[in-house]
Amino acid sequence: MAGLAESVRNIWKIEELRRRILYTLGLLIVYRLGTYVTLPGVDAHVLAEINAAGGDQNNLFGLLDMFVGGAFSAAGIFALGIMPYITASIIIQLMGAVVPYFQKLQREGEEGRRKITQLTRYGTVGITALQAVGFAINLQYGATGQAIIINPTFFIFTTMIVLTAGTVFVMWLGERITENGIGNGISLIIMISIIAFLPTALINEFELAGNLFIFLVEIGVLALVTAGVVLVTQGTRRIPVQYAKRVVGRRVYGGTTQYLPLRVNAAGVMPIIFAQSIMFVPATVASFFPDSAFMQQFGAWFSDISGWGYSIVFFFICVFFTYFYTAIAVNPKEMADTMKRQGGFIPGIRPGKQTSEFIDNILTRITLPGAIFLGVVAILPAIAMQAGVTPGFAHFFGGTSLLILVGVTLDTLQQIESHLLMRHYDGFMKSGRVRGRRV
């Protein structure tokens, strides 16, 4: 505790770091306040009564509501949150793997990144507008829609405008945090939305458990799962790389051994996000056939995140997308070519094609345990629900929620560490930095 207190004092001694943290906290407060602003034309009191009477987090919409801090169920102006931006980013990233135009932009450096960012923003506006229309139609013509809407005139149009503007504003807040604050703004916005559910989830779970010992056991299991996620997130396989000596003028470069780190979970949280996007499709298709009992049952089966059938399908999709996204994110051939240009080689392996194949084989082997672990983490909330944990608290036992919390926290701590070490202060870790764990 003394070391933690000293690190906090060191943070406030650095004016730039203190300003960045306060700036970040200020914009996050603005975002949280915006989640409580209800859409024009919606009776907030009636909607609150409906949510209190029939609220259920044991489905995909309950999970989506967590990612936007409760604004979805409350019909707030940030009801769609930053999720359309995430969807647009995923689409652009996938197109970068198959479309030559986007591949060219990725190779153009800073100018290409600016163009990709601009296209992502345009895509965000289009996706938000489409989702906003669906959201408005559901409010106005759903099972309880007529009681919720005060003035149905032009409600769909105004809702589309307000929700699109709200998502664009949240996107702007995230970009400002990334540029002038600390950490990744988009990720911090999602994390703060998830954390907003934690106090209520803890209280509900404690009341349901009715036994302090059982509640403490659940907290202990959650701590162990979190530690395991941190271990795998930081886990790397280090490949030794030897660099030949080069004489430039009077100086000698190279002749040292460095390491090429390959992450056990190179895909991060993206496979679970992809898998959840796929799992939304059956429920969406079933909604187009309201008179078909089979389609409604089929859609309900894919919406029940606590069911074993859903969990099995979800697990295998997560494993598949882990390999798929790792293949997109990590390019062994490019790594081998870069190593060859810099005069580096792996001892015992020929530069070029053999180096590429060697890296690819190691990456394939270490991705398997990472993919299985990611699939298990993805279905842990369903296992927790089957064990009697409340749906709200069960979401924190795994899935996207836990991976986002761990990943964003580690990334933010690393940025704070870098600011402290640049000014010769000790960080949060005894070693002075957040290290990747060896495997």
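The values are calculated or read from the model by the stated rules, or taken from the named source; none is laboratory data. Remember, predicted model here, so these are calculated numbers, not experimental data. We place every Cβ from the backbone using ideal geometry, glycine too, and count neighbours over all the protein chains shown.
A few comments on the model shown:
- Residue in the range 150-165 that is loosely packed, with under 15 Cβ neighbours inside 10 Å and touching a Gly at 6+ places or on another chain (Cβ under 7 Å) present: yes
- Those residues of the range 71-128 which are among the polar types (S, T, N, Q) and at pLDDT below 85, in sequence order: S73, T87, S89, Q93, Q103, Q106
- Taken as a whole, the condition of being in contact with a Lys or Arg (Cβ under 9 Å, 6 or more places away or on another chain), over 30 Å from W12 (Cα atoms) and not assigned by TED's automatic domain parsing to the domain that holds S73 applies to K333.
- When residues of the range 1-42 are limited to those that are small (G, A, S) and over 26 Å from I194 (Cβ atoms), the one modelled with the highest pLDDT: G41
- Taken over the range 92-116, residues that are surrounded by fewer than 16 Cβ atoms within 10 Å (Cβ to Cβ) and within 18 Å of the chain's Cα centre (by Cα) amount to 1.
- Residue within the range 231-253 that is touching a residue at least 12 places away in the same chain (Cβ under 8 Å), in a helix (DSSP H, G or I) and of a type in the set (A, V, I, L, M) present: yes
- Screening G344 against (1) under 20 Å from V230 (Cα atoms); (2) touching a residue at least 24 places away in the same chain (Cβ under 8 Å) leaves a single unmet condition, (1).
- Of residues in the range 321-343 being within 30 Å of K245 (Cβ to Cβ) and in contact with a Leu (Cβ under 9 Å, 6 or more places away or on another chain), the one surrounded by the fewest Cβ atoms within 10 Å (Cβ to Cβ): V330
- Scope the range 106-121; condition touching a helix residue (DSSP H, G or I) at 6+ places or on another chain (Cβ under 9 Å) and without any contact (Cβ under 8 Å) to a residue 12 or more places away in the chain; matching residues: Q106, E108, E111, G112, R113, K115, T117
- Checking each residue in the range 333-363 for being outside any helix (DSSP H, G or I) and β-branched (V, I, T) picks out I346, I349.
- Scanning the range 175-190 for residues that are of a type in the set (G, A, S) and surrounded by fewer than 23 Cβ atoms within 10 Å (Cβ to Cβ) turns up G183, S187.
- Search result, residues across the range 171-213 that are touching a residue at least 40 places away in the same chain (Cβ under 8 Å), in a helix (DSSP H, G or I) and over 26 Å from F393 (Cβ atoms): M171, L173, G174, R176, I177, N180, G185
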